[in-house]
């Protein structure tokens with residue numbers, strides 16, 4: 001929220017922007033009352049402005065900043081979830097390489113493809129997160145640029161697509177979780193609650209937390225995974241070709257994403 005307020009002040013060209021930035025970024029600034037207000041009212045903005053000495057500032061008391069601040073938090077959270085899923089991709093890549101000549105190799109390759117596709121979706125969703133349109137329309141582009149968010153065509157107060165897109169991307173990973181006997185019920189329930197709540201910040205936060213726990217569980221399951229004994233028989237030449245093609249595609253995608261050969 002502090003970053004969003006300062007960015008809006010900059011975008012509006014307010015003289016107070018520097019003072020506000022210095023105040024909110026000072027090591028001694030106490031956010032305790034602001035955190036409490038967020039918990040009690042759902043918005044940290046009035047308390048933040050009051051603590052910074054700008055209570056009721058007409059240009060900065062903009063409720064759109066709640067949505068914009070949420071998108072900054074979502075950026076960080078999706079980045080963390082993508083990193084956890086990246087660990088799953090690396091583990092699945094290794095497992096698929098080890099078992100590529102066995103019947104189980106094709107099954108692993110399918111899950112590798114799903115994990116890699118899921119990671120790409122999370123990253124694309126993160127990169128498309130928009131600022132909310134503030135009351136002063138001319139400030140939208142400057143606000144978004146300052147915060148590394150995209151510029152929306154319209155306010156997304158009615159159609160909460162920046163949140164529903166995240167729900168879709170995260171919910172799509174449930175099949176991958178279930179493939180390795182990781183409990184996905186909490187993730188699916190959290191996704192359902194997001195829709196039923198009309199995509200509130202609290203419901204989305206719960207979904208992110210549940211997915212983080214599920215991906216931790218998935219990575220532990222992958223560390224301990226071994227094929228059933230009956231699945232260690234050799235695959236057919238056609239199946240091996242499919243697996244090797246999937247491995248090549250996965251390496252290409254990862255190399256393009258990281259700039260380093262896999």
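The values are calculated or read from the model by the stated rules, or taken from the named source; none is laboratory data. This structure is a prediction, so every number in the text was calculated from the model and none was measured. Positions of Cβ are generated from backbone atoms using ideal geometry, with glycine treated the same way; all protein chains shown enter the neighbour counts.
In table form, for the structure just shown:
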read-out	value
Residue in region 2-16 that is surrounded by 14 or more Cβ atoms within 10 Å (Cβ to Cβ), at pLDDT below 95 and either under 30 Å from residue 222 (Cα atoms) or touching a helix residue (DSSP H, G or I) at 6+ places or on another chain (Cβ under 7 Å) (or both) present	yes
Odd one out for residue 37 among (1) over 29 Å from residue 138 (Cα atoms); (2) at pLDDT 95 or above	(2)
Boolean, residue 47 is within 30 Å of residue 159 (Cβ to Cβ), free of Cβ contacts under 8 Å to residues at least 60 places away in the same chain and not in a loop (DSSP other than H, G, I, E, B)	yes
Selection from region 156-195 of residues that are more than 17 Å from the chain's Cα centre (by Cα), under 23 Å from residue 95 (Cβ atoms) and either at pLDDT below 95 or not in a helix (DSSP H, G or I) (or both)	180, 181, 182, 183, 184
Evaluation of residue 198 against (1) surrounded by 16 or more Cβ atoms within 10 Å (Cβ to Cβ); (2) not in a helix (DSSP H, G or I) (one fails), failing number	(1)
Out of 108, 85, 147, sole residue that is touching a helix residue (DSSP H, G or I) at 6+ places or on another chain (Cβ under 6 Å), surrounded by 20 or more Cβ atoms within 10 Å (Cβ to Cβ) and not assigned by TED's automatic domain parsing to the domain that holds residue 197	147
Region 119-136, subset surrounded by fewer than 22 Cβ atoms within 10 Å (Cβ to Cβ) and more than 29 Å from residue 63 (Cβ to Cβ), residue nearest to the chain's Cα centre (by Cα)	123
Any hit, region 90-98, residues being buried (at least 22 other Cβ atoms within 10 Å of the Cβ), assigned by TED's automatic domain parsing to the domain that holds residue 217 and either within 27 Å of residue 212 (Cβ to Cβ) or at pLDDT 95 or above (or both)	yes
Single condition residue 169 does not satisfy, out of (1) closer than 15 Å to residue 68 by Cα; (2) surrounded by 18 or more Cβ atoms within 10 Å (Cβ to Cβ)	(1)
In region 53-75, residue farthest from residue 133 (Cα to Cα) [restricted to those that are in contact (Cβ under 8 Å) with a residue 24 or more places away in the chain and in a loop (DSSP other than H, G, I, E, B)]	53
Given (1) within 25 Å of residue 151 (Cα to Cα); (2) part of a helix (DSSP H, G or I), index of the condition residue 92 fails	(1)
